[in-house]
Amino acid sequence: MKYFSRKAVAGAVALIAVSGVALGSLHAQQNGQRSETYRQLNLFGEVFERVRSDYVEEVGDEKLIETAINGMLSSLDPHSGYLTAKSYQDMQVQTRGEFGGLGIEVTMEQGLVKVVSPIDDTPAFRAGLQPGDFIVALDGEQVMGLTLGEAVEKMRGRVGSEIKLTIRRGIAEPFDVSLKRDVIRIQSVRSKLFDNAAYIRVTTFNEQTMTGLERALADVKQQKGKDLNGIVLDLRNNPGGLLDQAIAVSDAFLDKGEIVSTRGRREEDGQRFNAKAGDLAEGLPVVVLVNGGSASASEIVAGALQDHGRAIVLGTKSFGKGSVQTIIPLPGHGAMRLTTARYYTPSGRSIQAVGIEPDINVPAARIDVIDEGRRRSEADLRGALSNDTTPQPKADPKATPPAAPGGDTAPGNQPPAPQKGTPQAAPGETEAPVLGEANDYQLIRAVDLLRGLALFNKRAVN
């Protein structure tokens, strides 16, 4: 026993010695990292003092510090940045559904300001700005070299004042657009009926969105009741917004299951958000419309409903912003917007930089109705057999002679006009369709899809 005790004590001493070496090494490593950090901070202080004392013009300390902080944050990714006290206040107003400016959601790409989407019924929307447009100059001043915050600040100003944006669209020559600044009041949810289909457009996810959706669903149900074929949820050109509102909107159509999960740098920071029982749409078919302007919160909703098979996603590929930003107030100053997590759809896929692929790809197009005039039918042909279940219609003597059998046109006849409802290319530059209106091809396809599902379900029951 004595021998064993001596061995145990010796082993313990050896273990303590080894642990001491390991801890000493760890402390040395930490001290080395700390000293390198201090060295870099000293470098920053040296540069700061040199700029402060020797720059050709006097620059305020506050501006230098804010610019340095913003440079540090914006170098991380396009969505992190520093918000001045004014910018932070503007952002708080915006999430409440009212703000001043041009009504345009932007990001920074390749040193230029890129349009994510214009907001409905705003100066940018009325001027025809489109997702993917690049703003290369503001009032003749090049955007290259400005931070996103600086560019946004220049686009804001006194209500009623004008600003000239130079826009680059695709490979075409840049062109100028003059906009008049306005107070932007966002009605984030609008609804109307197309035949027996409910059309609900969500333009952004702010504090009013879920309340607006509940009101819209109640309104269309009251108007159509059991005759409602389904719901078209339009998220096109919706740049996103509040995460909790995206979760609430998804939950409105889901009865159970995961909506979205977020994963940060540390495993314990991950979160999962699940649907609560109850489907406000009461099982009605849903078609979600997306395009390249659908970003962030819009993609959370589209991805959740798509993964659960609750909706058919129709349109074109979405923007592909799969990251979560946290706003961290800085007391006495503004705030920092820091990317803290990635989000994942219920199936575990990240849409970061790849977007949501629609189930049915339908490009944007306009509908030009073609006047086909009066065309002859079988009933107009001499000697045609009568229908033994319905009264025989009288022939129209003024009708055009029919096409010859076999598909070729008879002599003197013109080739048949394109079928009614086929999208036609406009001469010259194509105008963008007005979202939610009668010439909106993607919406027409969605409504037709709901009508077809309703007919199919009705026949299956019968």
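SER298 falls short on exactly one of the conditions (1) of a type in the set (Ser, Thr, Tyr); (2) within 24 Å of ILE444 (Cα to Cα); (3) surrounded by fewer than 20 Cβ atoms within 10 Å (Cβ to Cβ), and that condition is (3).
Of these, ALA281, ALA304, ALA295, which one is in a helix (DSSP H, G or I) and on the phi < 0 side of the Ramachandran plot?
Working: ALA281 fails: in a helix (DSSP H, G or I); ALA295 fails: in a helix (DSSP H, G or I).
After ruling out the rest, the residue left standing is ALA304.
In this structure, TYR82 does not qualify as farther than 20 Å from ALA295 by Cα and out of contact with any Asp or Glu (no Cβ under 7 Å at 6 or more places or on another chain). Could we say that VAL183 is touching a Gly at 6+ places or on another chain (Cβ under 7 Å) and surrounded by fewer than 22 Cβ atoms within 10 Å (Cβ to Cβ) here? Spelling it out, VAL183 is indeed touching a Gly at 6+ places or on another chain (Cβ under 7 Å) and surrounded by fewer than 22 Cβ atoms within 10 Å (Cβ to Cβ).
Can you list the strands (runs of 3 or more DSSP E) lying wholly within the range 171-215 that have 2 or more residues being more than 17 Å from ARG96 (Cβ to Cβ)?
On the way: elements: 175-180, 182-185, 189-194, 197-202.
Ranges flagged: 175-180, 189-194, 197-202.
Among the residues of the range 88-106, which ones are part of a strand (DSSP E or B) and either modelled with pLDDT of 85 or more or small (Gly, Ala, Ser) (or both)?
Initial filter on the range 88-106 (part of a strand (DSSP E or B)): 98-101, 104-106.
GLY100, GLY101, ILE104, VAL106, listed by residue number.
Do you know which residues across the range 224-263 are assigned to a loop (DSSP other than H, G, I, E, B), charged (D, E, K, R) and in contact (Cβ under 8 Å) with a residue 60 or more places away in the chain?
Going through the range 224-263, the residues assigned to a loop (DSSP other than H, G, I, E, B) turn out to be 228-229, 235-240, 242, 254-257.
From the residues that got through so far, the ones that are charged (D, E, K, R) too are 236, 255-256.
Within the range 224-263, just ARG236 meets the criteria.
Residues considered: VAL324, VAL313, VAL354. Of these, the only one that is β-branched (Val, Ile, Thr), within 28 Å of THR107 (Cβ to Cβ) and part of a loop (DSSP other than H, G, I, E, B) is VAL354.
The values are calculated or read from the model by the stated rules, or taken from the named source; none is laboratory data. Since we're looking at a predicted model, the values are computed, not measured. Reconstructed Cβ throughout: ideal geometry from the backbone, glycine too, with neighbour counts over all protein chains shown.
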